[in-house]
Amino acid sequence: MTLLTDTRQHQLEVDFCGLPFATPLVLLSGCVGFGEEYTRVSGFSNRDAGAVCLKGTTLEPRLGNPPHRLAETPMGMLNAIGLQNPGVDHVVSSILPALDFTETRFIANVSGSTVEEYAEVTRRFDDSPIDAIEINISCPNVKEGGVAFGNDPDMSARVVEACRRVTQKPLITKLSPNQTDIAENARRCIEAGSDAFAVINTLMGMAIDINTRKPVIGNNQGGLSGPAIKPIAVLKVHQVYQVCKSHGIPIIGQGGVTSAEDAIEFLVAGASTVGIGTALFYDPLICSKINDGLIAYLQRHGFQHISQLTGSLSLNPAPGACCTG
């Protein structure tokens, strides 16, 4: 692990919804368990990240989906874990007390099948030492035929509004790319009380075993993450930033980040912080390398602070209609 000097470290410090992050890197939900998963790896430290998003948590314990739950794809990975978790009461009473809050910030990830479940899980995290709460609105709404909350702006806003009523902690809405107009969804969520966004969640995909002619994933489909989705994620961050910038709403840009160059793309597109997920599976020490790369970029281009990169994108003039062929 590379230890940064005080001066270099200051260049990476970020204010996120009033919370000081030591670096703009955020370890993403589902990739680091409940904050302890990688601590057994020699050289790994949560201090290399500005924040850690804990695993998705529901009101009651869940066993998750049947196997297979993971499948490697070209430049990516499909997953359908199914929100396996011990339930919010166990997380609050037994897991949070074991975390070292002097190392980094910890963000709870709230999931649910109804608006009421989202609100109740959020309420229980509100009465805990957790620093912020992320709402995973990509879950299916059981009362609306299984349509994902995050794919409908009205349902997204209802979830945010319900959670907003029960907490004063920073509220981060995790936006799905599997929708028609992500910018409109962001606008509605801001009106409902969202303090920040995580952009994007995984794209839905499928892998098929051609010998059995069945899906590889036990749940038939799963969320695609990894470098394959990065261009989509960068565009979605840019689109959401157009809505957020006038409100001072920060974005965690995420989707396929494996290097400092990837992280810089997200920052330039409009993100204030950058999520690291799938890359951790093959390089648990990647955060220190990205931090070093960010510092080197700032020095090389004459920037004094990482925040100067956010939203610094200069679009090409007079773009025409987007088409192929």
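The values are calculated or read from the model by the stated rules, or taken from the named source; none is laboratory data. This is a predicted model, so every value here is computed, not measured. When we count neighbours, we look across all protein chains shown, and the Cβ atoms used for this are built from the backbone with ideal geometry, even at glycine. These accessible areas exclude ligands, DNA and RNA; they are computed on the full protein's heavy atoms, side chains included. Shrake-Rupley method; radii C 1.70, N 1.55, O 1.52, S 1.80 Å.
Select from segment 23-54 the residues that are open to solvent by 40 Å² or more (accessible area, probe 1.4 Å) and touching a residue at least 24 places away in the same chain (Cβ under 8 Å) and write down the one among them that is farthest from Arg105 (Cα to Cα). Write out each step before concluding.
The first filter runs over segment 23-54 and keeps only residues open to solvent by 40 Å² or more (accessible area, probe 1.4 Å), leaving 30, 36-37, 39-42, 47.
Applying the additional criterion that residues be touching a residue at least 24 places away in the same chain (Cβ under 8 Å) yields 30, 36, 41, 47.
On the way: Gly30: 16, Glu36: 13, Val41: 20, Arg47: 9 Å.
Among those residues, the one meeting the criterion is Val41.
Before we move on, is Phe125 touching a residue at least 12 places away in the same chain (Cβ under 8 Å) and farther than 26 Å from Tyr241 by Cα? Reasoning before the result, please.
Working: touching a residue at least 12 places away in the same chain (Cβ under 8 Å): yes; farther than 26 Å from Tyr241 by Cα: yes.
The answer is yes for Phe125.
When you scan segment 308-322, do you find a residue that is out of contact with any strand residue (DSSP E or B) (no Cβ under 9 Å at 6 or more places or on another chain), β-branched (Val, Ile, Thr) and more than 22 Å from Asn79 (Cβ to Cβ), even just one? Working first, answer last.
Filtering segment 308-322 for residues out of contact with any strand residue (DSSP E or B) (no Cβ under 9 Å at 6 or more places or on another chain) gives 308-309, 311-322.
With the extra rule that they be β-branched (Val, Ile, Thr), the set shrinks to none.
No, the conditions are met nowhere in segment 308-322.
Name the single residue that is most open to solvent (accessible area, probe 1.4 Å) among those in segment 105-125 being of a type in the set (D, E, K, R) and over 13 Å from Thr57 (Cβ atoms).
Ranking the candidates gives Glu116 first.
Condition check: touching a Ser or Thr at 6+ places or on another chain (Cβ under 9 Å) and either within 19 Å of Cys139 (Cβ to Cβ) or open to solvent by 50 Å² or more (accessible area, probe 1.4 Å) (or both). Does Leu70 satisfy that? Steps first, answer last, please.
Numbers: touching a Ser or Thr at 6+ places or on another chain (Cβ under 9 Å): no; either within 19 Å of Cys139 (Cβ to Cβ) or open to solvent by 50 Å² or more (accessible area, probe 1.4 Å) (or both): yes.
When the stated conditions are applied, Leu70 does not pass them.
In this structure, is Asp262 acidic (Asp, Glu) and over 30 Å from Ile190 (Cα atoms)? Explain how you work it out, then say what you get.
Details: acidic (Asp, Glu): yes; over 30 Å from Ile190 (Cα atoms): no.
No.
Scan the helices (runs of 4 or more DSSP H) fully inside segment 220-295 and keep the ones with 2 or more residues being open to solvent by less than 10 Å² (accessible area, probe 1.4 Å) and under 11 Å from Pro24 (Cβ atoms). Spell out the reasoning first.
Details: elements: 230-244, 260-269, 279-282.
So the answer is 260-269.
Would you check which residues across segment 168-197 are among the polar types (S, T, N, Q) and out of contact with any Ser or Thr (no Cβ under 7 Å at 6 or more places or on another chain) and list them? Spell out how you get there, then give the answer.
First, pick out the residues of segment 168-197 that are among the polar types (S, T, N, Q): 168, 173, 176, 178-180, 185, 194.
Once the filter is applied, which keeps residues that are among the polar types (S, T, N, Q) and out of contact with any Ser or Thr (no Cβ under 7 Å at 6 or more places or on another chain), segment 168-197 yields Gln168, Asn178, Gln179, Thr180.
Inspect segment 312-319 for any residue being at pLDDT below 95, open to solvent by 40 Å² or more (accessible area, probe 1.4 Å) and hydrophobic (A, V, I, L, M, F, W, C) and give the result as yes or no. If you could, list the steps in order and put the result at the bottom.
Residues of segment 312-319 at pLDDT below 95: 317-319.
The next check asks that each one be open to solvent by 40 Å² or more (accessible area, probe 1.4 Å); those that pass are 317-319.
From what is left, the residues that are hydrophobic (A, V, I, L, M, F, W, C) are 318.
Yes, segment 312-319 has at least one match.
So Ala49 ticks every box in (1) under 20 Å from Gln221 (Cβ atoms); (2) within 18 Å of the chain's Cα centre (by Cα) but one. Which box is left unticked?
Just one mismatch for Ala49, condition (1).
Does Asp100 fit the bill of being part of a helix (DSSP H, G or I), surrounded by fewer than 18 Cβ atoms within 10 Å (Cβ to Cβ) and touching a residue at least 12 places away in the same chain (Cβ under 8 Å)?
Details: part of a helix (DSSP H, G or I): no; surrounded by fewer than 18 Cβ atoms within 10 Å (Cβ to Cβ): yes; touching a residue at least 12 places away in the same chain (Cβ under 8 Å): yes.
When the stated conditions are applied, Asp100 does not pass them.
If we keep just the residues of segment 192-219 that are assigned to a loop (DSSP other than H, G, I, E, B), free of Cβ contacts under 8 Å to residues at least 40 places away in the same chain and over 19 Å from Arg69 (Cβ atoms), which is least open to solvent (accessible area, probe 1.4 Å)?
To start, the set of residues in segment 192-219 that are assigned to a loop (DSSP other than H, G, I, E, B) comprises 193-195, 200-202, 206-207, 210-213, 216-219.
So of that shortlist, the ones also free of Cβ contacts under 8 Å to residues at least 40 places away in the same chain come out as 193, 210-213.
Subsequent filtering for residues that are over 19 Å from Arg69 (Cβ atoms) retains 193, 210-211, 213.
Values: Gly193: 18, Ile210: 139, Asn211: 130, Arg213: 187 Å².
That would be Gly193.
Do we have any residue at all in segment 136-149 that's within 29 Å of Leu99 (Cα to Cα), in contact (Cβ under 8 Å) with a residue 60 or more places away in the chain and open to solvent by 10 Å² or more (accessible area, probe 1.4 Å)?
Within segment 136-149, the subset within 29 Å of Leu99 (Cα to Cα) is 136-139.
Narrowing further to those that are in contact (Cβ under 8 Å) with a residue 60 or more places away in the chain: 136, 138.
Now narrow it down to the ones that are open to solvent by 10 Å² or more (accessible area, probe 1.4 Å): 136, 138.
Within segment 136-149 (the criterion being within 29 Å of Leu99 (Cα to Cα), in contact (Cβ under 8 Å) with a residue 60 or more places away in the chain and open to solvent by 10 Å² or more (accessible area, probe 1.4 Å)), the answer is yes, since at least one residue qualifies.
Of all residues in segment 133-155, which are more than 23 Å from Glu60 (Cβ to Cβ) and outside any loop (DSSP other than H, G, I, E, B)?
Looking only at segment 133-155, we keep the residues that are more than 23 Å from Glu60 (Cβ to Cβ), and these are 151-154.
Those that are more than 23 Å from Glu60 (Cβ to Cβ) and outside any loop (DSSP other than H, G, I, E, B): Asn151, Pro153, Asp154.
Name the one entry in Ser111, Ser138 that is out of contact with any helix residue (DSSP H, G or I) (no Cβ under 7 Å at 6 or more places or on another chain) and of a type in the set (Gly, Ala, Ser).
Working: Ser138 fails: out of contact with any helix residue (DSSP H, G or I) (no Cβ under 7 Å at 6 or more places or on another chain).
Going through Ser111, Ser138 in turn, the sole match is Ser111.
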